[in-house]
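> Below: one structure in structure tokens.
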Amino acid sequence: MLKRKYGLTVEEFDGMLAAQDGRCAICATDTPGVKGWCVDHCHDSGRVRGVLCTSCNTAIGQMKDNPVRLRAAADYLERNQADG
């Protein structure tokens, strides 16, 4: 499936994950989540970007892979943090 869907061999996938120290490229967890590790890719070009946990892959997908939306969400969260 990796080869058909992303053009990756198992060895290439394993190498990508190893280059990320066996962790998600965004949150650095070493636990992939219920669906396992996700190959993150650009939906326009098909270019593989890295390996993500299920949660991070879902989150950026819900934000339409849009950096402006993601930054706006982070700004929103920072503005509305509860004082601890």
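> Tell me whether the stretch 30-84 comes out rounded, prolate or oblate; compute the Cα gyration tensor, take square roots of the eigenvalues as a ≥ b ≥ c, and use a/c under 1.5 as the rounded threshold.
Oblate shape, in that a/c is at least 1.5 and b/c is the bigger or equal ratio.
> Which residue, L17, L52, L70, tops the fluctuation ranking in a GNM of the chain built on C-alpha contacts under 10 Å?
Looking only at L17, L52, L70, the largest GNM fluctuation is found for L70.
> Using the Cα centre of the chain as the reference point, and only Cβ charges (+1 on K/R, -1 on D/E), how large is the resulting charge dipole? Debye, rounded to the nearest 20.
That gives the chain a dipole magnitude of about 380 debye.
> Kindly write out, for the stretch 28-34 in residue order, the coupling ³J(HN,Hα) from the Karplus curve 6.51 cos²θ - 1.76 cosθ + 1.60 (θ = phi - 60°), rounded to whole Hz, with x marking Gly and Pro.
Karplus-based 3J(HN,Hα) across the stretch 28-34 equals 6, 5, 9, 10, x, x, 5 Hz.
> Give me the net charge of L70's neighbourhood, meaning all other residues with Cβ under 14 Å from the Cβ of L70; Lys, Arg count +1, Asp, Glu -1.
Result for the local shell: 0.
> May I ask for the longest run of the chain untouched by trypsin sites (Lys or Arg not before Pro) that are loop-located per DSSP and have at most 14 neighbouring C-beta atoms (other than their own) within 10 Å?
Here the longest segment lacking exposed loop sites spans 1-34.
> Moving on. Roughly how many Å² is the accessible area per residue of the chain, as a whole number, for a 1.4 Å probe?
With all protein chains present, the chain gives 73 Å² per residue.
> Write down the radius of gyration of the stretch 2-63 and its Dmax, each obtained from C-alpha positions, in Å.
11.0, 30
> Could you tell me what percent of the accessible area of the chain is made up of carbon and sulfur, with a 1.4 Å probe and every protein chain present?
On the chain, the fraction of accessible area on carbon and sulfur atoms equals 52 percent.
> What FRET efficiency comes out for C42 versus A18 if R0 is 22 angstrom and r is the Cβ-Cβ distance? Round to the nearest 0.05.
0.50
The values are calculated or read from the model by the stated rules, or taken from the named source; none is laboratory data. No experiment lies behind these values; they were computed from the predicted model shown. In this analysis, Cβ positions are derived from the backbone assuming ideal geometry, glycine residues included, and neighbour counts consider all displayed protein chains. Areas reflect the complete protein model, heavy atoms only, side chains present, ligands, DNA and RNA absent. Shrake-Rupley method; radii C 1.70, N 1.55, O 1.52, S 1.80 Å.
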